[in-house]
Every structure is written in C-alpha cells, then in structure tokens.
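Visitor: Attaching a single structure in structure tokens format; questions to follow.
The values are calculated or read from the model by the stated rules, or taken from the named source; none is laboratory data. It should be emphasised that the depicted structure is a prediction, and the values quoted were computed from it without experimental measurement. Quick reminder, even Gly has a Cβ in these numbers, built from the backbone with ideal geometry, and neighbours come from all protein chains shown.
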Amino acid sequence: MQRSLKVIISSALCCLLPAVLTAQEAVQRKFKVPVLTGKEVNPVIRIRVDAATDGDTLRQVEIMLKDAASLANVRIYSTGADTALLKTGKTLFAGTENPATGKVRLQGVAALQRGANYFWVTVSPSPSVPLSARLDINAASLKVNDTTIGIAPDVYRHRFGVALRQHGQDDVHTHRIPGLATAKDGTLLAIYDARRESGRDLQGNIDIGLSRSFDKGKTWRPMQIVMDMGA
C-alpha cells in the first residue's frame, strides 16, 4: 500500500503554521528577503515533507529557474526535524554549480522519518549580477520513493543586494544599528556599530564603522573606524 505523504513548501520571515494538506499535495511559500552577493548561503525556499511512516526516501527536487545567469550555484540542505537553517546541523542533499535556465533536477538520497522533515533551497549569486535584476526561482516538484509530487509556483521574485558586512569580518564579531545616507556628490555612506567581541550592547568594545560606495552600492570601500570608543 502506498504510503501517504504530505509536502509543504514554505518560507517566511517568521514561523508559519503549515496548511492542512491531503496526501501528495504541495504548497509553496518563499523566504522573502534579498539575495546577497558576497554571501555563500542565501535561503530562498523551505520545503517541509510530512511522512506518514518511517522509511520513505526523498530522491529528487526539481527547480525551475528563469535567467539562471544570475546564480553561481543552487543547493539543497536537509535539516531533519529542525525548521531553522543554521551553520551547524544541516546536511547537503544535492547541489549544482552555474545552473542552466529552465528545469534543474537535483538528485540525492535523504531518508524521511515519520512526521515533519525540512529541506532548504539556497542560492549564491554571481558576483557580477546587477542589483536591478530579479531572481525567479520555484520548486517545481519532488520525487519521494517513485512518486512525483507537483508544486504550484509562487510568482514572487527575489531582489538582489550586497552583503556589506558579515559576522567575523575584519575581526568584528557583530555589526549592528546600521544607517545609510547619500552625500551631495552621490556617495553612499553606510554607518554601523562595530561590536568587536560579541553582539551584546554596552558595556563592551564597540566602535563606529563607516563604509563608502562610489557606484550606487555595487561595490564598497573597506571599513573605516570613525569613532574609536576604546576597549
């Protein structure tokens, strides 16, 4: 007897309650934040697979891409029963470099446990992608055992941005409290806390950093410390 399966594809800025689905139905919601150049792992879709029993196997995820030239790679990670995509606790299911436009079939083997199983679709953009571009990506179908499960598309298209400052960059633990201004000559000025030792508030070793862009945000000069608050 064929095992009952439920598939939910979801992604949001906060936790979402899953829709109630019958067997072999799929719903897609995307992780609606910009895709950042300079960031290796950008989550765009979360896939939830509900298995009625232990022993089912996810074997393929089919992705539909438009204008794939904007991407350097597409990957899928398994996080088991954990809904979050963290630096630890994830396992690569499948991936491809320099994906082609159209259908991209990512094949792997992931054993499903009874209940909810989570998979994340992530991308890394090409360094040369224009910030005006949009990413049109959808999970088109899944293959669990020998059953193909179609997924309705989501029309949302992701914007692109720049990962200006990241955790650990220039020996700074955390960058917080950002501000952005435009000078009279068009230079973009980004200012932020450079919290050197931890992400906590005062008291702590916190300086004020400044980054400048002379090309409308495409590239940024190295960080300058404009207020050294001492240790």
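Visitor: What are the residue pairs meeting all of these: first residue in the stretch 106-124, first residue on the phi > 0 side of the Ramachandran plot, second residue surrounded by fewer than 17 Cβ atoms within 10 Å (Cβ to Cβ) and not in a strand (DSSP E or B), Cβ atoms under 8 Å, and 6 or more apart or on different chains?
Guide: Filtered contacts from the stretch 106-124: Gly115/Ala81.
Listed here are the residues, each with its yes/no results for (1) closer than 20 Å to Gln28 by Cβ; (2) in the same structural domain as Lys39 (by TED's automatic domain parsing); (3) hydrophobic (A, V, I, L, M, F, W, C).
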site: Ile63; (1), (2), (3): yes, yes, yes
site: Val121; (1), (2), (3): yes, yes, yes
site: Ser126; (1), (2), (3): no, yes, no
site: Thr148; (1), (2), (3): yes, yes, no
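Visitor: Can I ask one more? Can you pull out the residues in the stretch 140-170 that are assigned to a strand (DSSP E or B) and within 16 Å of Val41 (Cα to Cα)?
Guide: Hits for the stretch 140-170 are His158, Arg159, Phe160, Gly161, Val162.
Visitor: With at pLDDT 90 or above and closer than 30 Å to Gly108 by Cβ as the only criterion, which of His158, His167, His173 stands out?
Guide: Going through His158, His167, His173 in turn, just one is at pLDDT 90 or above and closer than 30 Å to Gly108 by Cβ: His158.
Visitor: What is the number of the single condition among (1) in contact (Cβ under 8 Å) with a residue 40 or more places away in the chain; (2) outside any strand (DSSP E or B) that Lys87 does not meet?
Guide: (1)
Visitor: From the residues in the stretch 86-107 that are small (Gly, Ala, Ser) and farther than 14 Å from Trp120 by Cα, which one is modelled with the highest pLDDT?
Guide: Gly102
Visitor: Separate question: Take Ile137 and decide whether it is at pLDDT below 90, of a type outside the set (S, T, N, Q), in a strand (DSSP E or B) and in the same structural domain as Val33 (by TED's automatic domain parsing).
Guide: So Ile137 does not fit the description; no.
Visitor: Let me ask you something else. Taking the stated definitions as given, is Leu58 assigned to a strand (DSSP E or B), in contact with a Ser or Thr (Cβ under 7 Å, 6 or more places away or on another chain) and more than 18 Å from Glu40 (Cα to Cα)?
Guide: No, not satisfied.
Visitor: I would also like to ask the following. Which members of the stretch 97-134 meet the condition of being among the aliphatic types (A, V, I, L, M), in a strand (DSSP E or B) and more than 19 Å from the chain's Cα centre (by Cα)?
Guide: Of everything in the stretch 97-134, those that are among the aliphatic types (A, V, I, L, M), in a strand (DSSP E or B) and more than 19 Å from the chain's Cα centre (by Cα) turn out to be Val109, Ala110, Ala111, Ala116.
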